[in-house]
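Report on the following structure.
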Amino acid sequence: MHRIAIASWARARRALFVALLAGAGVAHAQSAPGTTVERQGDAIVFRGRIDDASTTTFLQLMQDPGVRRLVITSPGGLVTPALDMAEAIVARGLDVEVPESCFSSCANYVFLAGRRKLLGGPGAVGWHGNMTHVLHLQRTGERRWSQPEIAAAHMLAQRETAFFQRIGVDGFVCWFAKLPPYSVEDFYALTPQDMAVFGIRDVSVRPGGVPPYAPPGVQMVTVDRAGLEGIRPVVPLE
């Protein structure tokens with residue numbers, strides 16, 4: 001379980017901030033070492049980092065009408081390619097299965113895009129922020145980025161917000177637990193019941209799956225439904 005999640009932990013922690021480079025037009029000529037995207041029966045099996053090359057392969061394989069599912073294990077990656085994947089998944093109505101782990105941009109966009117979502121365990125999906133969160137950090141002075149980076153973040157935040165609205169999901173799920181009273185330092189995970197608070201539906205855990213767990217550095221969070229709106233900041237996207 002969670003071989004990729006544990007091995008890629010240091011890289012995954014930085015993925016949110018590196019993802020800003022995607023909005024600045026930084027391209028990747030080839031997939032990250034160890035990343036594989038291949039067809040297996042009615043599924044595309046994706047293992048590794050989400051970047052331009054791996055997403056291109058995914059989109060090419062998805063042209064086959066026989067594809068019904070995406071089976072993904074990923075520490076995350078770049079925001080723009082992840083949104084490209086997510087929008088294609090929604091358009092095709094693919095199911096998404098996460099046998100081991102799906103973190104960062106994989107959790108923010110690809111997992112949420114699935115028509116039906118099957119997890120190897122409730123702790124398999126981990127969030128640690130999105131582009132709207134980046135804007136909040138800049139606005140409060142908790143982090144600082146250059147003007148070109150923040151301009152890119154604004155564009156990506158607008159795009160991700162439109163995506164969340166399209167699928168009926170509250171994008172606050174991607175970063176609410178970074179705020180008090182939760183104040184999670186790294187990644188956090190939710191049970192399917194708590195995912196439903198944010199409009200994430202049709203999530204099931206594989207029969208015989210383990211109880212709620214999280215790999216090292218990932219914290220299981222229980223949502224305080226009554227207090228959720230009280231901690232939601234106003235973040236201008238323009």
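Each value in this text was obtained by applying a stated rule to the coordinates, not by laboratory testing. Here the structure is a predicted model, which means the values were calculated and not measured. Cβ coordinates were reconstructed from backbone atoms using ideal geometry, including for glycine residues, and neighbour counts include every protein chain displayed.
For residue 197 and residue 147, calculate 0.36 nm times their separation in residues minus their Cα-Cα distance, and state this gained length in nm to one decimal. Please list the in-between numbers first.
On the way: separation 50, 0.36 × 50 = 18.00 nm, distance 3.46 nm.
Gain on extension, residue 197 to residue 147, equals 14.5 nm.
Quick one: net charge around residue 154, please, counting Lys, Arg +1 and Asp, Glu -1 for every other residue with C-beta under 13 Å from its C-beta. Intermediate results must be reported in sequence, preceding the final value.
Details: positive: 139, 159; negative: 149, 160, 238.
Spelling it out: positives minus negatives among the neighbours equals -1.
Two-decimal Rg/Rh of the stretch 33-177 from alpha-carbon positions, Kirkwood Rh?
On the way: Rg = 15.0 Å, Rh = 15.4 Å.
Radius of gyration over Kirkwood radius for the stretch 33-177 works out to 0.98.
Shape verdict for the stretch 54-131, please, from the Cα gyration tensor: rounded (a/c under 1.5), prolate (a/b greater than b/c) or oblate. Walk me through the numbers before you get to the answer.
On the way: a/c = 1.87, a/b = 1.27, b/c = 1.48.
In terms of gyration-tensor shape, oblate.
Report D for the stretch 147-238 in µm² per second (integer): Stokes-Einstein, Kirkwood Rh on Cα pairs, 37 °C, 0.692 mPa s.
Numbers: Rh = 15.0 Å.
Answer from the Stokes-Einstein relation: 218 µm²/s.
Return the loop-located GluC sites (Glu not before Pro) in the stretch 140-230 (DSSP other than H, G, I, E, B) with at most 15 other Cβ atoms within 10 Å of their own Cβ; answer none if there are none. Intermediate results must be reported in sequence, preceding the final value.
Working: sites: 142, 149, 160, 185, 229; in loops: 142, 185.
Qualifying residues, ordered by number: 142, 185.
Which of the peptides 164-171, 107-114, 68-75, 53-60 is most tightly packed, and how do the rest follow, going by the mean number of other Cβ atoms within 10 Å of each residue? Can you show the working numbers first?
Values: 164-171: 16.5, 107-114: 27.9, 68-75: 23.0, 53-60: 18.8.
Most protected by this proxy first, the peptides run 107-114, 68-75, 53-60, 164-171.
What is the ratio of the Cα radius of gyration of the stretch 107-168 to 2.2 N^0.38 Å, where N is its residue count, to two decimals?
Values: Rg = 14.1 Å, N = 62, 2.2 N^0.38 = 10.6 Å.
Ratio of Rg to 2.2 N^0.38 Å for the stretch 107-168: 1.33.
Can you tell me the FRET efficiency between residue 222 and residue 166 if r is taken as the Cβ-Cβ distance and R0 is 35 Å, rounded to the nearest 0.05? Before the final figure, lay out each step's value.
Numbers: r = 28 Å, r/R0 = 0.80.
Approximately 0.80, to the nearest 0.05.
Calculate the translational D of the stretch 146-200 in whole µm² s⁻¹ from Stokes-Einstein, where the hydrodynamic radius comes from the Kirkwood formula applied to all Cα pairs, the temperature is 25 °C and the viscosity 0.890 mPa s. Don't skip to the answer; put the middle values down first.
Numbers: Rh = 12.8 Å.
Approximately 192 µm²/s, per Stokes-Einstein.
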